[in-house]
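In what follows, a single structure is set out as structure tokens and then discussed.
The values are calculated or read from the model by the stated rules, or taken from the named source; none is laboratory data. Being a predicted model, the structure only gives us computed values, none of them experimental. Cβ placement follows ideal geometry from the backbone for every residue including glycine, while neighbour counts extend to all protein chains displayed. These area figures cover heavy atoms from the full protein model, side chains too; ligands, DNA and RNA do not enter into them. Shrake-Rupley method; radii C 1.70, N 1.55, O 1.52, S 1.80 Å.
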Amino acid sequence: AESLFELIDADTPTIRFMTREIPKMPDISKFSKLDQLIICNAKMHELHPSIGKLTNLEMLVLTENKIKSLPKEIGLLKNLTFLNLIGNPIQEIPNDIAYLDKSNGGSLHRIAVKEEDIGPENYQKLKKLLPTALI
């Protein structure tokens, strides 16, 4: 998986992997111009904390993976407008995700999650931490 990311130009605006096995995301901080990161159905179980360095990221789609927790650095993505986590058994949501909300200086317009994936407690936590985002 790491070699896939090494082949991509650091200035690319979009990275899209569909049904390619990427169990663990490598350090992706070199992609500073990235505005879309789409990794679907990749059996990924971990997001690298370097995700927080992608400050131009506007769209993060991680559907149908095996992600159980989000790194606190996700709260640094101030330009993120859309986050899709459907199909991930997320058990741990950091409080720092609140910084994505427009009420805290973020840009998040919509977060896509299913209550049955993350559980009612985490679903309610998201509603509380992201009051202006559509869930």
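Test residue 23 against the stated conditions and say whether it is modelled with pLDDT under 95, more than 17 Å from residue 113 (Cβ to Cβ) and either open to solvent by 20 Å² or more (accessible area, probe 1.4 Å) or of a type outside the set (A, V, I, L, M) (or both). Taking the combined requirement at face value, the residue satisfies it. For the stretch 93-135, the set of residues classified as in a helix (DSSP H, G or I) and aliphatic (A, V, I, L, M) consists of 97, 98, 100, 118, 126, 129, listed by residue number. Within the stretch 6-19, is even one residue surrounded by fewer than 17 Cβ atoms within 10 Å (Cβ to Cβ), part of a helix (DSSP H, G or I) and among the acidic types (Asp, Glu)? So far as the stretch 6-19 goes, yes, one or more of its residues are surrounded by fewer than 17 Cβ atoms within 10 Å (Cβ to Cβ), part of a helix (DSSP H, G or I) and among the acidic types (Asp, Glu).
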